[in-house]
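Worksheet for the structure shown next.
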Amino acid sequence: MGQSFNILIKRASELSETDRTAWAAFRAGNPQIYSPYFHIDYTALIAELRDDVFIACLYENDLPVGFLPYQGERFARPVGAPMTDYHGFICREDTVIDPVEVLKASGIGAFHFSAVVNSQMDPQIQNEEDGVLLSLNDGAEAWRRERDGSYRRHLKSNRRRTRKASEDIGEPRFVWKSQDQAVFKQLISWKKQKFAETGKYDVLSADWTMELLERLWKRPDETLRCDMQALYFGERLAAIDLGLSDGATFHSWIVAYDGELHSYAPGIQLLEGLIDASESLGYKRIDLGVGTDGYKRHYATDPVKTGSGFIAAQGPAAALSNLYGKAESFGQKALGDAPGKLRRRYTQIAACEDSVSGRAKAMLQAVKSSARS
């Protein structure tokens, strides 16, 4: 159990200079919250786009000791969900917090999370999954020397594809931190096409999610921003990666490529080029987010421990969340992970769709997609 704190609920615009200074100091001193998703501007930008963003501010002797940004009220989610890849408390690493106490004081009935990084949430975590982080403090070549035989075989295969692309289409050419509007539009088009092909919920269908990406991308001189990286084969645009960055970390966020060029692995070629250019771009880390499947397993150096689940704090929302949790556990015995997939899909939909009709339509499509798979 964590100690009791004085807890105030504030809007982002209501944070004092003392609050903001403490927030920045917690990030600088706590390696668990290195990610740019924990930058104060991330919460502030989303608060400008949504009217249900709040911050639980924890104080001891009138001094800030922690912050939990969230959206929603009775049913709450991490701020920016489902766009936010990592989330949790902004505090010192050794601060002990009782999340149930914080949620109750905030008037929250249930809090659903997908990739929390703080140990404070450990008792409520139902599933664990690693994120993939490349630490590049010593440069690209030093990083590659430490890779195992599996990565070296992967790299050899990729270099063959690079040569093949050069012969068939044109020499690879990288454009770092692109501000080309046509490239941005192509990224969104490719990504939406991929959502349609896979049957996954299109998180970019909500106005606020698209506005968030554009605002972050159109502030290239700010500490928190989106950097857009592009790979061309000759004059043909092949792959794009729009990543959230605070200057030191590049978090690969929205990635897409020309499907006709799949055999040339343009996405991996772009990543390898980004690793080579990391020092000149100022990146000390490249984060590939949660999940180690597929190509990602070759790149992890420092695993990022994350957890998903929910906290049932109080009232009807807590009772309903517990009921869903029991039904999901029961359903998994007969249906595998299908109930969990639908629950995670609904969490995405509910965070993006404000209307009941919009949620119902999206969930019907999700059920159909689940049945097909």
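Taken about its Cα centre, the stretch 132-257 carries a charge dipole of roughly 660 debye when the Cβ of each Lys and Arg holds +1 and the Cβ of each Asp and Glu holds -1. Does the chain classify as rounded, prolate or oblate by the C-alpha gyration tensor (a ≥ b ≥ c root eigenvalues; a/c under 1.5 gives rounded; else a/b over b/c gives prolate, otherwise oblate)? Judged from the Cα gyration tensor, the chain comes out prolate (a/c at least 1.5, a/b above b/c).
Restricting the stretch 33-129 to GluC sites (Glu not before Pro) that sit in a DSSP loop and have at most 12 other Cβ atoms within 10 Å of their own Cβ leaves 93. Neighbour counts of C-beta atoms inside 10 Å place 285, 159 in the sequence 159, 285, starting with the fewest.
Charging the Cβ of each Asp and Glu at -1 and of each Lys and Arg at +1, and nothing else, the dipole of the chain about its Cα centre rounds to 1440 debye. Going from the residue with the fewest nearby Cβ atoms within 10 Å to the one with the most, 35, 280 rank 280, 35.
Ordering 306, 18 from the fewest to the most neighbouring beta carbons within 10 Å gives 18, 306. Relative to the longest principal axis of the Cα atoms of the chain, helix 149-168 runs at roughly 50 degrees. Helix 315-335 axis versus longest C-alpha principal axis of the chain: approximately 50°, rounded to the nearest ten. Peptides 134-146, 252-264, 109-121 ranked from most to least packed give 109-121, 252-264, 134-146, packing being the mean of other C-beta atoms within 10 angstrom over each peptide's residues. Between 0 and 90 degrees, the angle of helix 40-49 with respect to the longest Cα principal axis of the chain falls at about 80 degrees.
Remind me, relative contact order of the chain in percent, using alpha carbon pairs under 8 angstrom and six or more residues apart? Reported relative contact order: 21 percent.
Across the stretch 245-295, the relative contact order, built from alpha-carbon pairs under 8 Å that are at least six residues apart, equals 59 percent. Classified by the C-alpha gyration tensor, the stretch 137-283 has an oblate form. Its axis ratio a/c, with a ≥ b ≥ c, is 1.5 or above, and a/b does not exceed b/c.
Since every read-out is calculated from the coordinates, none of them should be taken as a lab result. Here the structure is a predicted model, which means the values were calculated and not measured. Quick reminder, even Gly has a Cβ in these numbers, built from the backbone with ideal geometry, and neighbours come from all protein chains shown.
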